Amino acid sequence: NAGVTQTPKFQVLKTGQSMTLQCAQDMNHEYMSWYRQDPGMGLRLIHYSVGAGITDQGEVPNGYNVSRSTTEDFPLRLLSAAPSQTSVYFCASSFASGTYEQYFGPGTRLTVT
Amino acid sequence: AQSVTQLGSHVSVSEGALVLLRCNYSSSVPPYLFWYVQYPNQGLQLLLKYTSAATLVKGINGFEAEFKKSETSFHLTKPSAHMSDAAEYFCAVSEQDGANNLFFGTGTRLTVIP
């Protein structure tokens, strides 16, 4: 199992550009989520999905879109990048029931200039 | 809404000394509780979890944590620190509401002094 994979590992964008952060898992997990990590703030939930076709907002959803067309993939779209979106982004997945242990990807470090 | 407080953004201990990282949560119902570790430039790895079973939970790498409902605490301990324990540690809670969202504390960076 590859677990949770994320691409790219690093990305630099200019203000106003758009891009998609990719996330995939091969563990047949129903639940997938995106977090952003900022210094001194821990991780904050952006969006999550409890299954294909179902998504919902987390704590900090503004400026981000998601979709879940398959169980395996959960891409995060930045529509018009802003410097405030400079962060490290983590994707996570888990089974939707049980003890909720989440598995995290290696992260994408995004810089918006 | 859930909230998690980790006291001390930086903790330094000598190699071989006790490690104590503090976590308090606020919740109207007992949540699920987790400790994750993050090594430099890596993702998060689960250390241990509390899910309404035994209040003293043992995890990987010699860490353990005790759930104390009366104190709303879930402090992480290790009897003897190793150099390899240097990392950032995050406490997180998840409500038992059918969703699986984690609410994280702000993290504690552990430094181990040789």
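Miscellaneous remarks
- Relative contact order of chain B, pairs being alpha-carbon contacts under 8 Å that are 6 or more residues apart, as %: 37
- The stretch B:1-59 gives an Rg/Rh value of 0.98, both radii derived from C-alpha positions and Rh following Kirkwood.
- The orientation-averaged projected area of the convex hull spanned by the Cα atoms of the stretch A:31-113 comes to 5.6 nm².
- When the accessible areas of B alone and A alone are added and the area of the pair subtracted, with a 1.4 Å probe, the result is around 1800 Å², both sides summed.
- Residue-wise HN-Hα coupling along the stretch A:68-85, computed from phi with Karplus coefficients 6.51, -1.76, 1.60 (Hz; x: Gly, Pro): 9, 8, 10, 5, 7, 10, 8, x, 10, 10, 9, 7, 8, 4, 10, x, 5, 8
- Kirkwood hydrodynamic radius of chain B, from the reciprocal of the average inverse Cα-Cα distance over all distinct pairs: 14.1 Å.
- For the protein assembly as shown, the share of alpha carbon pairs falling in successive 10 Å distance bins from zero is 8, 33, 35, 20, 4, 0 percent.
- At most 16 other Cβ within 10 Å, DSSP loop - chymotrypsin sites (Phe, Trp or Tyr not before Pro), the stretch A:28-113: A:PHE95
- Neighbour-limited loop hits for GluC sites (Glu not before Pro), the stretch B:22-73 (at most 11 other Cβ within 10 Å; DSSP other than H, G, I, E, B): B:GLU71
- Placing pseudo-labels 7 Å out from each Cα toward the beta carbon at A:LYS9 and A:ASN62 gives an inter-label distance of 3.4 nm.
- Scanning residues 5 or more positions from A:LEU43 or on other chains, those with amide H under 5 Å from its amide H are B:PHE104, with H placed 1.01 Å from N in the peptide plane.
- Reachable lysines from B:LYS58, criterion Cα separation under 21 angstrom, eight or more residues apart if same chain: B:LYS49, B:LYS68, B:LYS69, B:LYS78
- Within 10 Å of the Cβ of each residue in B:36-45, the mean number of Cβ atoms contributed by other protein chains is 4.
- Sparse packing (at most 12 other Cβ atoms within 10 Å of the Cβ) combined with a DSSP loop state is found for the following trypsin sites (Lys or Arg not before Pro) in the stretch B:2-87: B:LYS69.
- Partner chain coverage, peptide A:28-35 - average Cβ within 10 angstrom: 2
- Split the accessible area of chain A by element, probe 1.4 Å, and carbon with sulfur accounts for 51%.
The values are calculated or read from the model by the stated rules, or taken from the named source; none is laboratory data. The shown structure was predicted, so the numbers you read here are calculated from the model rather than taken from an experiment. Every residue, glycine as well, gets a Cβ built from its backbone with ideal geometry; the counts of neighbours run over all protein chains shown. Surface accessibility is based on the protein's heavy atoms, side chains included, excluding ligands, DNA and RNA. Shrake-Rupley method; radii C 1.70, N 1.55, O 1.52, S 1.80 Å.
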